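Have a look at the structure below before the remarks.
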Amino acid sequence: MIQLSNNMSCTASFSNAEDCQKSLKSGALSETDLVLLDLQLPGQNGLTLVPILKLARPTINILVLTQNHDYLTTLEAIRLGVSGYILKTATISEIRAAIQDVHAGGCVIDPQLSRLVLAALNSNNFEGKNPLSEREKQVLEFMAMGYVKKEVSDKLNISYSAVACYTERIYTKLQVPNITAAVAAAIRKGLI
């Protein structure tokens, strides 16, 4: 992808976070101006590399290229210091333009996410505030402990259908498909 952008060349390519960290320590990335970062790295969330990269090279520009369209992850990436966040569904020309913009010192947010990001900045779901209601958080905490919906309904003294409704709201708010992903997302974001 970098090869397609004018006046740029790819200095290194890594398929996992560990190899990237080793290269940073060895100084192999000392000439790197821009990192194109996928969040889905084997065994590690790519966002964990952002502070490491920024500590080693404070002026480095990081462009996230991902399938993850969760606005909370986008906000976290921005908070950590990335210069851009673009979805893999973007066209080659859009990705190329994003690379060039970020390399030139600009900032880019995928158009599909910009409205969500702006809405989040204007809502209570920003800067560590929990997007889950107190009851949704309780349901998720019990499910994180291994309780099934029926057991959660008994513990909270609410109906099974209420637990099912809260669970669906949790999935929607965290933009995840199941309880395992919801628990993982909530832990990663410090919500539980």
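The values are calculated or read from the model by the stated rules, or taken from the named source; none is laboratory data. All of these numbers come straight from a predicted model, not from anything done at the bench. Reconstructed Cβ throughout: ideal geometry from the backbone, glycine too, with neighbour counts over all protein chains shown.
Looking at S153, S133, S159, just one residue is over 22 Å from D38 (Cα atoms), among the hydroxyl-bearing types (S, T, Y) and crowded, with 19+ Cβ neighbours inside 10 Å, and that residue is S153.
Just to confirm my filter: which helices (runs of 4 or more DSSP H) fall fully inside the stretch 1-118 and include at least 2 residues that are modelled with pLDDT of 80 or more and touching a strand residue (DSSP E or B) at 6+ places or on another chain (Cβ under 8 Å)?
On the way: elements: 17-26, 49-56, 71-80, 92-103.
The helices (runs of 4 or more DSSP H) meeting that bar are 49-56, 71-80, 92-103.
Considering each residue of the stretch 92-108 in turn, none proves to be within 26 Å of A181 (Cβ to Cβ) and among the hydroxyl-bearing types (S, T, Y). Restricting the first member to the stretch 32-48 and to residues that are closer than 16 Å to A184 by Cα, and the second to residues that are β-branched (V, I, T) and in a strand (DSSP E or B), the beta-carbon pairs closer than 9 Å and six or more apart or on different chains are L39/V64; L39/T66; Q40/T66; G46/V64; G46/T66; L47/V64. Contact annotation: residue pairs with Cβ atoms under 8 Å, 6 or more positions apart or on different chains, pairing a residue in the stretch 71-89 that is on the phi < 0 side of the Ramachandran plot and surrounded by fewer than 21 Cβ atoms within 10 Å (Cβ to Cβ) with a partner that is outside any loop (DSSP other than H, G, I, E, B) and of a type outside the set (A, V, I, L, M), are I78/Y85; L80/P51; L80/K54; L87/T66; L87/Q112; K88/T66; T89/Q112.
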